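Only the coordinates and a few stated rules stand behind these numbers; no lab work does. As the structure is a prediction and not an experimental result, all values here were calculated from the model. Note that each Cβ is placed from the backbone with ideal geometry, even for glycine, and that neighbours are counted across all protein chains shown.
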Amino acid sequence: MGKETLQKIAEVRERLRQLQRQQTASNNGTASAPPAPVIDPPPARPKIAEMSAEVVDSNPYSRLMALKRMGIVKDYEKIREKTLIVVGVGGVGSVVAEMLTRCAVGKLILFDYDKVELANMNRLFYQPHQSGLSKVEASRDTLLHINPDVEIEVHNINITTINNFKLFVDRIRHGSLSNGQVDLVLSCVDNFEARMTVNTACNEENQIWIESGVSENAVSGHIQYIEPGKTACFSCLPPLVVASNIDEKTLKKEGVCAASLPTTMAIVAGFLVQNSLKYLLHFGTVSNYVGYNALADFFPTQEILPNPQCDDRFCRQRQSEYREAQASKPKEEPVVEEEPAIVHEENDWGIELVATDEDLPAASNSNATTANAGLKFAYDAPAANGTDESAPSDAPPAKAIDLSSLQAQLKGL
Ligand SMILES: [Zn+2]
């Protein structure tokens with residue numbers, strides 16, 4: 001490209017930025033005010049080739065790498081090899097993307113087709129001056145500034161259309177840093193159709209993903225880990241949601257704008273990223289399902305097994321693959337490892353955290369035909385749940401439910 005062309009492009013870009021600023025100002029009702037001086041943000045720090053554990057104030061990774069010294073994570077630096085797709089960068093997804101960026105994941109691929117609006121300012125992450133920008137582009141700017149070591153790829157598209165679905169599947173299959181399959185997909189969307197789209201793509205691609213949701217009344221939420229063939233997919237069973245114990249008649253008001261709280265969204269985002277880190281870096285227990293009832297500060301958990309009669313043929317295929325893999329595995333004796341007690345090196349007071357059996361939550365119900373206390377299915381199951389392989393073969397066939405009625409029932413998710 002010639003020098004003149006490049007100059008022309010730079011001029012057009014500057015003109016576009018001016019127009020965007022004017023548009024934002026007029027949207028904000030301050031059209032008559034003179035445009036605010038544009039202050040370019042200070043440059044981001046230089047990239048860092050390797051994560052260091054050196055304890056100096058200038059090392060952005062010293063606190064993360066300390067997880068190794070404390071005996072929590074074996075190879076924290078492996079995080080930089082990981083690629084995650086975040087679908088939806090709204091109240092939950094944007095906070096998820098920021099947490100992952102600060103945790104130094106290798107690459108983030110963001111999908112959203114919405115714009116930042118002032119009505120989003122009750123939540124975290126976006127700022128008023130970003131109003132009018134696409135959420136994915138506003139996210140990229142902020143995230144690269146926080147941590148330039150993370151590769152950020154953005155797609156300002158709706159994944160539910162046929163062509164965009166193909167692109168979404170392609171990014172699952174080839175989106176990683178080595179152009180292979182990504183490590184994890186996180187769903188942070190607010191509607192049934194987009195969740196089903198993520199579900200379909202992940203069943204097809206045999207891709208592990210984690211679904212998240214926050215209720216329309218802003219006082220409950222959940223995350224659900226979905227491993228095709230091993231756990232229930234989003235089509236296997238009606239979605240499990242947290243019972244709010246609020247009279248439904250006073251709650252459901254058609255056409256009324258959904259409520260949202262930065263607190264509930266950040267708590268759900270925190271659970272989602274915590275579970276992701278545990279899965280990616282192999283520490284702690286990866287939860288199948290964690291619910292959050294904000295009114296009672298109650299966190300129900302649940303195991304959810306797949307439904308052999310799931311409508312999604314790829315789900316059924318993954319289930320039989322999983323059964324075959326389990327059957328061919330040699331039986332292993334559980335190994336109990338003695339972990340040394342961890343004491344902070346600079347712990348002047350000699351304080352230790354001691355886990356006792358009493359501290360641990362009660363074992364969760366491994367049978368998903370009934371929801372644990374505090375949880376309920378979003379609607380009545382359309383078919384016999386057959387959540388274990390001993391389900392009777394004469395179970396009633398799945399009742400056909402059309403998408404619009406499902407969507408109506410799921411509006412409260
Ligand atoms: Zn399924």
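State the volume of the convex hull built on the alpha-carbon positions of the range 91-225, expressed per residue in Å³ and rounded to an integer.
Expressed per residue, the convex hull around the Cα atoms of the range 91-225 is 107 Å³.
What FRET efficiency comes out for the pair LYS329/ALA296, r = Cβ-Cβ distance, R0 = 25 Å, nearest 0.05?
0.05
Could you give the length gained on full extension between LYS376 and LYS74, defined as 0.36 nm per residue of separation minus the Cα-Cα distance, in nm?
Gain on stretching LYS376 to LYS74: 105.0 nm.
Just want the ordering: TYR126, TYR279, from fewest to most Cβ atoms lying within 10 Å of their own Cβ.
Result, fewest neighbours first: TYR279, TYR126.
Label VAL56 and MET121 with points 7 Å out from Cα along Cα→Cβ: what is the distance between them in nm?
The modelled label-to-label distance comes out at 4.1 nm.
Which entries of LYS115/LYS230; LYS78/LYS329; LYS47/LYS74; LYS107/LYS230; LYS47/LYS68; LYS47/LYS230 show an alpha-carbon separation above 31 angstrom in the structure shown?
Long pairs (Cα-Cα over 31 Å): LYS115/LYS230; LYS47/LYS230.
Would you list CYS257, CYS315, CYS103 from fewest to most Cβ contacts within 10 Å?
CYS257, CYS103, CYS315
How much FRET efficiency would the formula 1/(1 + (r/R0)^6) give for GLU193 and LEU144, where r is the Cβ-Cβ distance and R0 is 30 Å, rounded to 0.05?
0.50
Using alpha carbon coordinates only, what is the Rg to Rh ratio of the range 156-235, with Rh defined as the Kirkwood radius?
0.98
Only loop residues by DSSP count here, and only those with at most 10 other Cβ atoms within 10 Å; note down the trypsin sites (Lys or Arg not before Pro) in the range 89-156 that meet that.
none
Determine the gain in length on full extension of the stretch ASP311-ARG63; use 0.36 nm per residue of separation and subtract their C-alpha separation, reporting nm with one decimal.
Contour length minus Cα-Cα distance gives 84.7 nm.
Quote to one decimal, in nm, the extra length available between ALA243 and ASN206 on full extension: 0.36 nm per residue of separation minus the C-alpha distance between them.
10.2 nm
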